[in-house]
Amino acid sequence: MIDFIQNVKTRNETLFYYGLVCLFFACIFFILSKITSTQVYNVNAWIKPFKFALSTFLFSWAMAWYCHYLPTFNINLFNWTVIILLGFEIVYIAIQANKGELSHYNLSTPVYAALYSMMALAASIVTIYTAYVGFLFFTNDFPQLPNYYVWAIRLGIFIFVIFSFEGFVMGSKLTHTIGGEDGGPGIPLLNWSTKFGDPRIAHFIGMHALQVIPLISFYLLKNTKATILVAAFYGLLSVFTLVQALKGRSFF
């Protein structure tokens, strides 16, 4: 683990430290969720910024690792795009949590509506930039890397991009619960609905293909065909959870 951490720092010091900052704030938000009582939709208000900060930490370190392999890639531009845009999202979500108000789907005032739109734009830009990174992995050769690992990165990014944009399913409906009201019974911490459809499940599973598929391929599968097969099943699982959610059916 120590070697891995040192390697991330060597590969991309900027995203390494940004990821650590996100992890630090994720810990702060988690502590606040345990010592405060402010709620949004029957869930402690600090759970949401906790999840976003932790997810951004994982994304930052994963992309720091992958982008190191790319030849002639403007890594500084990518770094600061991620830092500024995803940083804006975390800050705004935390500010709204402190107020006990919604960040997402909040159209109650022109200012909140504009900030919500800006968050959607920020996430879209980062996703499109990540899609470009994926394109570079498809169009370049990496003779120094195992073929199965290259395909794991390609497919992990591909699934990530698709299910990152799946967030617009929730945005278009201004809700993350289908078939019922937001704020109903959910599983611990993640708060995914146990009674109705919840597109956040597909969003979560699909986006974390970015980390899961390369890890499984590199440490367990070590085979290109097996990697592609597992990625296909992983993608189908994400699609299945989305279809279930759109039908208003709980995954649980």
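The values are calculated or read from the model by the stated rules, or taken from the named source; none is laboratory data. Every value quoted in this text rests on a predicted model; they were computed, and no experiment measured them. Ideal geometry is used to build each Cβ from the backbone, glycine not excepted, and the neighbour counts take in all protein chains shown.
Here are the numbers:
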quantity: Residue list for the range 140-189, filter: of a type in the set (F, W, Y) and modelled with pLDDT under 95; calculated: F168
quantity: Selected residue [within 19 Å of T130 (Cα to Cα) and modelled with pLDDT under 95] from T14, T56, T72; calculated: T72
quantity: Residue tally, condition closer than 20 Å to G183 by Cβ, free of Cβ contacts under 8 Å to residues at least 12 places away in the same chain and not in a helix (DSSP H, G or I), over the range 94-113; calculated: 2
quantity: Test: Y116 is without any contact (Cβ under 8 Å) to a residue 60 or more places away in the chain, out of contact with any helix residue (DSSP H, G or I) (no Cβ under 6 Å at 6 or more places or on another chain) and crowded, with 18+ Cβ neighbours inside 10 Å; calculated: yes
quantity: Breaking point among (1) closer than 23 Å to N140 by Cβ; (2) in contact with a strand residue (DSSP E or B) (Cβ under 9 Å, 6 or more places away or on another chain), for F73; calculated: (2)
quantity: Residue list for the range 21-58, filter: in contact with a Phe, Trp or Tyr (Cβ under 7 Å, 6 or more places away or on another chain), surrounded by 19 or more Cβ atoms within 10 Å (Cβ to Cβ) and among the aliphatic types (A, V, I, L, M); calculated: A26, L32, A53
quantity: Helices (runs of 4 or more DSSP H) (entirely within the range 1-93) containing at least 3 residues that are over 28 Å from N191 (Cβ atoms), without any contact (Cβ under 8 Å) to a residue 60 or more places away in the chain and among the polar types (S, T, N, Q); calculated: 2-11
quantity: A245 vs. criteria assigned to a helix (DSSP H, G or I) and in contact with a Lys or Arg (Cβ under 9 Å, 6 or more places away or on another chain); calculated: yes
quantity: Tally, over the range 1-49, of residues that are under 30 Å from Y219 (Cα atoms) and touching a strand residue (DSSP E or B) at 6+ places or on another chain (Cβ under 9 Å); calculated: 0
